[in-house]
Amino acid sequence: MGWNDSVTEFIAYLSKNRRMSEHTCVAYERDLQQFGDYLSSVGINQLDGVKSNHIRWWMSELMEQGIKPRTVNRKLSGLRTFFKYLRQHDMLLHDPMTRVVSPKTAKYLVKDIPRVDLEKMFARFPWEEFDTGERDRLLLLMLYTTGIRLSELIGLKNTDIDFSRNQLRVLGKRNKIRDIPLHPELADTLMAFTKTQSSKWVFSRSSGEPLYPVLVYRVVNKYLKLFSSASKLSPHVLRHSFATHMLNNGANLMAIKDLLGHSSLSATQVYTKSSFEKLKQIHGLHPRK
C-alpha cells in the first residue's frame, strides 16, 4: 500500500475508533503528509521502503530549518503511533522507529498569570463598551474558573449547563464526559448571558455557528495583554492558571486531576512544579542568609 492511502486509513481509524478530535486528526495528517512528501523527494513511495535512516535524515532536515526540538518530537510521536498502527494491522513487518532517538528538549515550565492580574481584568475593564464584551468576559471567566480546554469550550452547548445542580457537563478528549461545578460568579453570569442567546452553542458567532480556535485565542490574548506581562497569554495558560491557583489555595491534586480531565496523575503533577518554584522564591526572602 502507498503512503497516502495508508495515512488516509489511519486518520479514519483515529477519528472513528480512537475518537480523537478533529483538531488532533488534522495535526496528525499534516505531519504524516509532510513526512510523506520528504519520502517522495528521496524516491520512497511504498511503506516497506521506509527505514530508520529516512526518519533520522528528515529529523535532521527539520532541525536545520530551525524547527524546535519540541515540535520535532511531536512529529515523531505521530510517526510512532502511525507505524504502531501499521504493525498491529499487519500492514508493515518492521517498525522503522525502533532505532530512532528523539532530540533532547529544554525543560519548559509554563508560567501562570498572576491572580492579581486576572482580578484586575475582571473588575476594571469596561466590558460594556464593546459589542462582544459580555461574551468575551464570560469566555475568559469560563476558562479561568473551570480549567476547560479550548476545544471543550468551543463545543459547549446550552444543554450542557445544569443550573439546578450548578454544574457544567464537558465532553473531553476521546469523548470522555466529566461534570465541573460552576463558580457562583460564573453561574450568575452564564444564566444572564444564555437568556439573550438563540444559538445552541454557549459561545457563538453572529451566524449562530460556534467559535473557532484562532478567534478564541485572539480574544484571550487581546484582554490578557492589557493586564499582564506574562510571556505567554493563551487559553491554555488560563487552564494552567486555574490549576496552579487552586493548588496554591490548598486544593487536592487528585481533585484538580478530575476537574482538568487528565487520564493520569502524572499529567497534573506539572502544576506542583510551578507551585514549588514559587515556594522557593518565597523561601528566598527568609531573613537569615
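Quick note: the coordinates plus some simple rules give every number you see, no bench work behind them. Since we're looking at a predicted model, the values are computed, not measured. Here the Cβ is made from the backbone with ideal geometry for all residues, glycine too, and neighbour counts use every protein chain on show.
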Tell me the mean residue ellipticity at 222 nm calculated for the chain from its helices only (DSSP H runs of n ≥ 4, each -39500 (n - 2.57), averaged over every residue, nearest 500). -17500 deg cm²/dmol
Would you please give the residues with an amide H less than 5 Å from that of residue 167, counting only those at least 5 places away or on a separate chain, with H modeled from the backbone geometry? 162, 182
Can you give me the angle between helix 115-124 and the longest principal axis of the chain, using Cα atoms only, in degrees from 0 to 90, rounded to the nearest 10? 60
I want to check a number: in the range 1-132, how many lysine pairs have alpha carbons closer than 17 Å, given a sequence separation of 8 or more or different chains? 6
Scalar couplings 3J(HN,Hα) for the range 36-52 by Karplus 6.51 cos²θ - 1.76 cosθ + 1.60 (θ = phi - 60°), nearest whole Hz, x for Gly and Pro, are x, 5, 5, 4, 4, 5, 10, x, 9, 10, 10, 4, 6, x, 7, 10, 4
The range 3-99 shape via C-alpha gyration tensor axes, a/c threshold 1.5: oblate
Going fewest to most other Cβ atoms within 10 Å around each Cβ, 20, 91, 142 line up as 91, 20, 142
Please list, by residue number, every one of the trypsin sites (Lys or Arg not before Pro) in the range 1-78 that is coil in DSSP and has at most 16 other beta-carbon atoms within 10 Å. 18, 19, 51
Can you bin the range 25-152 into rounded, prolate or oblate? Criterion: square roots of the alpha carbon gyration tensor eigenvalues sorted a ≥ b ≥ c, rounded for a/c under 1.5, prolate for a/b above b/c, oblate for the rest. prolate
Just to be sure I understand: with springs between alpha-carbon atoms less than 10 Å apart, which residue in 152, 61, 134 has the highest mean-square fluctuation in the Gaussian network model of the chain? 61
Loop-resident sites, the range 109-186, for trypsin sites (Lys or Arg not before Pro), counting at most 12 other Cβ within 10 Å (DSSP): 165, 176
Can you tell me the length gained on complete extension of the stretch residue 179 to residue 68, counting 0.36 nm per residue apart and subtracting the Cα distance? 36.3 nm
Would you please give the FRET efficiency between residue 15 and residue 188, computed as 1/(1 + (r/R0)^6) with r the Cβ-Cβ distance and R0 = 41 Å, to the nearest 0.05? 0.60
Check which residues have an amide H placed less than 5 Å from residue 157's amide H, if you skip close sequence neighbours. 202
Using a ≥ b ≥ c from the Cα gyration tensor of the range 115-283 (square roots of the eigenvalues), is it rounded, prolate or oblate, where a/c under 1.5 gives rounded and otherwise the larger of a/b and b/c decides, a/b for prolate? oblate
Less than 11 Å from a label point 7 Å out along the Cα-to-Cβ axis of residue 111: which backbone N atoms in the range 233-259 qualify, by residue? 233
